[in-house]
Amino acid sequence: MSGGPAFGGAVAAGEPGEGDRLVVAVRDSGELGLDGTRELYCHPAGGDHPDAEASCARLDRNTVWGADPFAPVPTGSVCTLQDGGPVTAHVTGRWAGRPVDAVFRRGNGCEIERWERMVPVLPALRTRPDTEHAPTQ
């Protein structure tokens with residue numbers, strides 16, 4: 001998360017209210033402090049997520065009538081052959097009055113883009129050294 005605390009950083013203040021509640025579980029990131037399970041409450045923002053206010057704002061921006069902000073990449077999508085590593089995130093709970101049970105991966109360009117649309121709800125990840133490409137000579 002650029003400019004904010006690491007995903008495993010300081011605890012955000014706030015008690016769960018009547019608003020939306022999510023549990024975000026990140027595994028296999030390969031980055032110190034990013035793996036783990038965090039609770040995120042919105043309306044009002046709180047929980048132990050390290051960037052609750054910005055995460056709730058991102059979810060609000062991603063929520064559009066008739067569209068699921070947690071929807072998987074549509075079947076048959078044409079995606080670039082990129083590997084974002086073995087990291088996974090499992091998001092469960094309730095958002096906008098509906099149950100959420102979504103898994104995020106970074107196995108191709110479409111999945112990476114889907115992950116990036118959810119930052120800072122999901123942690124921003126550095127590019128893995130083995131996927132960076134040096135200029136050819």
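The values are calculated or read from the model by the stated rules, or taken from the named source; none is laboratory data. Source: prediction; values computed, not measured. Cβ coordinates were reconstructed from backbone atoms using ideal geometry, including for glycine residues, and neighbour counts include every protein chain displayed.
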Of everything in the range 93-128, what is without any contact (Cβ under 8 Å) to a residue 12 or more places away in the chain and over 29 Å from Pro44 (Cα atoms)? Give them in sequence order. Thr127
Strands (runs of 3 or more DSSP E) wholly inside the range 31-128 that include at least 2 residues being among the β-branched types (Val, Ile, Thr) and either modelled with pLDDT of 95 or more or crowded, with 17+ Cβ neighbours inside 10 Å (or both): 88-95, 98-105
Among (1) over 20 Å from Trp115 (Cα atoms); (2) modelled with pLDDT of 95 or more, the one test that Ala10 misses: (2)
Can you name every residue in the range 18-28 that is surrounded by 14 or more Cβ atoms within 10 Å (Cβ to Cβ) and within 12 Å of the chain's Cα centre (by Cα)? Leu22, Val23, Val24, Ala25, Val26
